[in-house]
Amino acid sequence: MKNLHSKLEQYAKQCDEVFLSEHLKSLIDEANANVEQIEPEDLYVLAKDIILLDVREPEEFASGYINAHTVLTIPRGKLEFLAIEKVAKQFGQDVQIVTYCLKGARGSLAALQLQKMGFTNVKNLDGGILKWLEKGNTIHSYLGEISLA
């Protein structure tokens, strides 16, 4: 009987994980549908006054970031609390923002949340920093410039 109970608990946990995974996928799909996704090469033609907003965790940012005139880092988990102070009060809510993360999902979620907070000109870098690097671009860190080549 104990073995059956253990198996049922394990099954329930797997069901919960599937359920949560489906909800997360739904949230990401919603974000991707409502936020303009731009390609890495699109960053070359954007205005100099854009804000690149890295929503990765601090240790991820330290490993390398996309260089731009204005680069901000606000981890996704703190976005709602810091966006007003670090972005709106300094640059306004109409400033052009491009969010990015490692692969793109957190960036999309962050961009959608920024839109919901009243920011009017928000896009996400499709594929995140990995796609940026795959396209032959470089990132910057305390070690200098880094590329995949």
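The order of Phe61, Phe91 by accessible area, most exposed first and with a 1.4 Å probe, is Phe91, Phe61. Annotation: Val95 carries an accessible surface of approximately 20 Å², with a 1.4 Å probe and no ligand, DNA or RNA atoms counted. In this label model, Thr70 and Ile146 are separated by 2.6 nm, measuring between points 7 Å along each Cα→Cβ vector. Taking the three principal axes of the alpha carbon atoms in the chain, the coordinate ranges are 66, 39, 25 Å, sorted in descending order. Each part reduced to its alpha carbon centroid, region 59-79 and region 119-135 end up 12 Å apart. In the assembled protein chains, Thr120 presents an accessible area of approximately 90 Å² (probe radius 1.4 Å). Over the chain, DSSP H runs of length four or greater, each weighted -39,500 (n - 2.57), average out per residue to a 222 nm ellipticity of -13500 deg cm²/dmol.
In debye to the nearest 20, how big a dipole does the chain give about its Cα centre with +1 on each Lys and Arg Cβ and -1 on each Asp and Glu Cβ?
Working: 16 positive and 21 negative charges, 73 e Å.
The calculated dipole for the chain is roughly 360 debye.
Output the antiparallel fraction of DSSP beta bridges having both residues in the chain, as a percent to the nearest 5. Present the calculation step by step, with values, prior to reporting the outcome.
Working: 4 of 18 bridges.
Antiparallel bridges: around 20 percent, rounded to the nearest 5.
Each residue of region 60-68 is assigned a 3J(HN,Hα), and the resulting list reads 5, 4, 5, 6, x, 9, 7, 7, 7 Hz, derived from the Karplus form 6.51 cos²θ - 1.76 cosθ + 1.60 (θ = phi - 60°), x at Gly and Pro.
The values are calculated or read from the model by the stated rules, or taken from the named source; none is laboratory data. Bear in mind that the values here come from a model prediction, so they are computed numbers and not experimental data. In this analysis, Cβ positions are derived from the backbone assuming ideal geometry, glycine residues included, and neighbour counts consider all displayed protein chains. Areas reflect the complete protein model, heavy atoms only, side chains present, ligands, DNA and RNA absent. Shrake-Rupley method; radii C 1.70, N 1.55, O 1.52, S 1.80 Å.
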